[in-house]
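Just below is one structure, and these are the notes that go with it.
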Amino acid sequence: MTSDAANDRRPRADPPAPGQRVIVFDTTMRDGEQSPGASMSIDEKLELAKILEDMRVDVIEAGFPIASNGDFEAVRRISQMVTESTVCGLARAGAADIERCAEAIGPAARGRIHTFISTSPQHRDHILRMSAGEVVEAVHASVTLARNLCGDVEWSAQDATRTERDMLRRCVEAAIRAGAGTINIPDTVGFTYPDEYAAIFRDLIENVPGADGVVFSTHCHNDLGLAVANSLAGVQAGARQVEVAINGIGERAGNAALEEVVMALKVRADRLPFPTGVRTEHITRASRYVSAITGFPVQFNKAIVGKNAFAHEAGIHQDGMLKNAQTYEIMRPEDVGQGGSNLVMGKHSGRHAFREKLRALGYDLGQNALNEAFGRFKDLADKKKTIYDDDIVALVDDALSRGAERIQVKSLRVVSGTEGPPQARLTLVVDGVEAAAVATGDGPVDAVFNAIRQIAPHAAVLRLFQVHAVTEGADAQAQVSVRLEEDGSIATGQSADTDTLTASATAYVNALNNLISRQEKAPPEPLRKLNSNG
């Protein structure tokens, strides 16, 4: 291998001119949570906010305060906790939305009201039933109110890319005159192409009075797989804020992925010399946390954070990597927190080596959590000959996902095969008391879940059951995700084990515990489901 200096694949670029830094606006907790089944608890949002602030994300869109009391409380508690990033809440153009948003972000050291209204003819005619003139008046009135309540106001034109250009100019001018400091031009339905999107920004910046005094922002959806390309085109055309989400989660096909936009700007600074303030070494940890709390796995070939993003199997590729990493890697895995070396861990590894491995993987555990994780690692090492990084990530994430659990799996035995229905013998500990059940089912997993329902009766409906192998090999750990829903409340559970049925039982119980916890903490009945920007 060559020297570190020779292996530095980051492009050399001149320092950016003043005002050329790109603001990173994360909407994982707001637009990302709108992905079907991606509901997050307040505690999960608080933890994610800590991770995003550690990453130096500039703006955290924490929720839609008027949507529910739970969303309001999440935004308010994040506002109380976060000290460096701006905390943003979303609001429609009505006074009730804006005032509720202002109340939620009130405690923030840096707060922002993000208000929006639809501008396209499709939305004006079929959703708002308002004329173009009425929409322009609503823009001015809503931004004026928001600006009177908060010094930092962002305005968005929902479905901007299908809006007549003259209408869009009128709305942007009205928002600027009313005091908006950030103007967001969303590709709400993922319709536009990069050159079209860039042309919109150039037109607005060149032709709208006062455009030189505000920050223009991108917000791109991925319906045609162009969200990242469109976001970068917007930056190239003058946008200096990008609205993104971890792992690209969001409505329908999702949003522009934070990790892809940020690393594209970093790696290709020769073409787009507009840096961000993001500490990119935290990216992988954020990706894994969002995957764990939503139950949405990251595809293996996902750019930047996928399991195979820095994997090389072809002989030609391996030969090139051994000679010089630049032959097939345009960035270092360490730059995104993927870990540069693969320490071989096994049952003879000590606590110190384990702690260092965790740090390399982006974890900094307290002593109690470290002791628990180390014990689980030793148990796994007795079952598996080779422990991969992904095995360690799975067992640590599994442990961290569990809080004070009222229900715990004590023992499980399953009989399955070609003769007779599968049967599960299960013992759970419920509020400190052991309870056992025997159940059959259409398959072994169904039998296990039926046994759980016998011991802990509930009305929750199974919405997702997903299994994937953490690593290769017949002894690979199975990582199981389970999603339960009851009375509109959704909870996800995860577990990893070399025994798929044990992982299935534990994941189901984990989801059930999370659902019980969420219902116990539930605020009063939420308001009706609302339309939102994005």
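Worth a mention:
- When the residues of segment 16-60 are filtered to those that are of a type in the set (S, T, N, Q) and farther than 21 Å from residue 282 by Cα, the one that is surrounded by the fewest Cβ atoms within 10 Å (Cβ to Cβ) is 20.
- Any pair with Cβ under 6 angstrom, 6 or more apart, that starts in segment 359-370 at a residue that is free of Cβ contacts under 8 Å to residues at least 24 places away in the same chain and not assigned by TED's automatic domain parsing to the domain that holds residue 284 and ends at one that is surrounded by 15 or more Cβ atoms within 10 Å (Cβ to Cβ) and part of a loop (DSSP other than H, G, I, E, B): 360/339
- Enumerated strands (runs of 3 or more DSSP E) restricted to segment 171-260, each holding at least 1 residues that are touching a Pro at 6+ places or on another chain (Cβ under 8 Å) and either modelled with pLDDT of 95 or more or crowded, with 19+ Cβ neighbours inside 10 Å (or both): 215-220, 241-244
- Residue pairs whose Cβ atoms lie under 9 Å apart, sitting 6 or more positions apart in sequence or on different chains, and linking a residue in segment 75-94 that is over 26 Å from residue 117 (Cα atoms) to a partner that is surrounded by 23 or more Cβ atoms within 10 Å (Cβ to Cβ) and basic (Lys, Arg), are 77/45.
- Here residue 156 does not qualify as within 19 Å of residue 93 (Cβ to Cβ), touching a residue at least 12 places away in the same chain (Cβ under 8 Å) and either in contact with an Asp or Glu (Cβ under 8 Å, 6 or more places away or on another chain) or not in a strand (DSSP E or B) (or both).
- Strands (runs of 3 or more DSSP E) (entirely within segment 378-493) containing at least 3 residues that are assigned by TED's automatic domain parsing to the domain that holds residue 45, farther than 30 Å from residue 306 by Cβ and aliphatic (A, V, I, L, M): none
- Complete set of residues in segment 13-65 that are aliphatic (A, V, I, L, M), modelled with pLDDT under 90 and within 12 Å of the chain's Cα centre (by Cα): 38, 40
- Qualifying residue in segment 69-79 (condition: acidic (Asp, Glu), surrounded by fewer than 22 Cβ atoms within 10 Å (Cβ to Cβ) and at pLDDT 85 or above): yes
- From 112, 100, 129, residue being under 23 Å from residue 241 (Cβ atoms) and basic (Lys, Arg): 112
- From the options 108, 93, residue that is closer than 14 Å to residue 175 by Cα and assigned by TED's automatic domain parsing to the domain that holds residue 64: 93
The values are calculated or read from the model by the stated rules, or taken from the named source; none is laboratory data. These numbers come from a predicted model, not from an experiment. Neighbour counts run over all protein chains shown; Cβ positions are idealised from the backbone, glycine included.
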